Structures are given as structure tokens and as C-alpha cells.
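The values are calculated or read from the model by the stated rules, or taken from the named source; none is laboratory data. What you are looking at is a predicted structure, and each value in this text was computed from that prediction instead of being measured. Please note: Cβ atoms are built from the backbone with ideal geometry, for glycine as well, and neighbour counts cover all protein chains shown. Accessible surface is based on the protein model in full, side chains and every heavy atom, while ligands, DNA and RNA are left aside. Shrake-Rupley method; radii C 1.70, N 1.55, O 1.52, S 1.80 Å.
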Amino acid sequence: MKILILNGVNLNLTGLRETSVYGAQTLEEINTNIKAYCEKDGIETEFYQSNIEGELVNKLHEAFLKKTCDGIVFNPGAYTHYSYALRDAIASIDIPVVETHMSNVHAREEFRGKSVLSEVCVGVVCGFGAGSYIAAIEGLKVKLQS
Ligand code: DQA
């Protein structure tokens, strides 16, 4: 099994920005822990981050067209709340995508409680800090093994 961990806009600054919301671990540290967690289970990982919407769309297309992974854990950042392009890209591919957020988006500003992506994802995880990625992986395993 191979999982793509996809991070969107501003997630490269994790550990440096709004640490009271997103924690002090950098994205690199989070990714290192995810890789180790998955390796114990024999799961392969790939990591990709971009601040550019079209590059995220391209990565979703690549996963689909080249069959590069079995499932995707996707934290789109603020694109979650308004990107119909990402929504269409997720709907276009036959790979399960879990929408993932470190913060509890429902306990924050009103605009964060709305996602245009959730409907086309297999599940949504939020509120567990870096642990949200691990929870999303566990959810994907359930989906992929059923
Ligand atoms: C986020 C939540 C989004 O609302 C925000 O724009 C982010 C990060 C999270 O991980 O909690 O950039 O996706």
C-alpha cells in the first residue's frame, strides 16, 4: 500500500506560523514521523507540498494517471474553503482522499467551517494537530482494506 501525503497552501510554514494553532513541529518533522509510523506497517509514503493550486491539481492528476498511490491524505489549507478546481480534481480521480486539518476548523472562524471538498472526499479528520495525519492514514487503511 502506498499513501500520498499532500499539503497545500501555507503548510510549508508549519512550526513557524501560528504555533498556538498548528503546533511547533515543522512540516519536515511531521513528515518524518508519518514516514516512520507507516514504515512499521509496511506502508510506503510520498510527500508533496505546494502553495500553488494548479500544482496540487497536477499532483492529484498524476496520482490518478500514473497510479502512483492507493490513497491520499490531503491538507489543502485555506483552499479547502473555496477551491472548486481542487474539488473537481478530487472528484475526477478514483483514489480515496481524506480531507485533513490539524486544527478543529469548526471551532474557529466561521469561514473555516465550510469545506467545498468534503463532499468528494471519503472522510474528514480535524483537530488533532499532527495526529490528524495519522488518524487520516488509519481511516484510509480501513477504506482500502474493506
Ligand atoms: C488548516 C485549516 C485551514 O482553515 C487553514 O487555512 C490552514 C490549515 C489546518 O490544518 O488546520 O492553512 O487546513
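Details
- Radius of gyration, Dmax [the chain; alpha carbons; angstrom]: 13.9, 39
- Accessible area (Å², 1.4 Å probe, nearest 10) - LYS59: 20 Å²
- Of the GluC sites (Glu not before Pro) in segment 46-146, those whose Cβ has at most 16 other Cβ within 10 Å and which sit in DSSP loop: GLU109
- Largest first, the three principal axis extents of the alpha carbons in segment 10-82 are 38, 35, 16 Å in whole numbers.
- Carbon and sulfur %, accessible surface of segment 87-146 computed with the full protein complex present, 1.4 Å: 51 percent
- Per residue, the solvent-accessible area of the chain (1.4 Å probe, heavy atoms of protein chains only, all protein chains present) comes to 50 Å².
- Residue by residue, segment 18-32 carries 3J(HN,Hα) couplings of 5, 5, 6, 9, 10, x, 9, 6, 6, 4, 4, 5, 4, 5, 4 Hz when phi is fed to the Karplus relation 6.51 cos²θ - 1.76 cosθ + 1.60 (θ = phi - 60°); x denotes Gly or Pro.
- Cβ charges +1 (Lys, Arg) and -1 (Asp, Glu), total dipole of the chain, debye: 120 debye
- Size of segment 83-146 as Cα extents on the principal axes (Å, biggest first): 34, 27, 14
- By accessible area with a 1.4 Å probe, ligands and nucleic acids excluded, highest first: order of PHE128, PHE74, PHE47: PHE128, PHE47, PHE74
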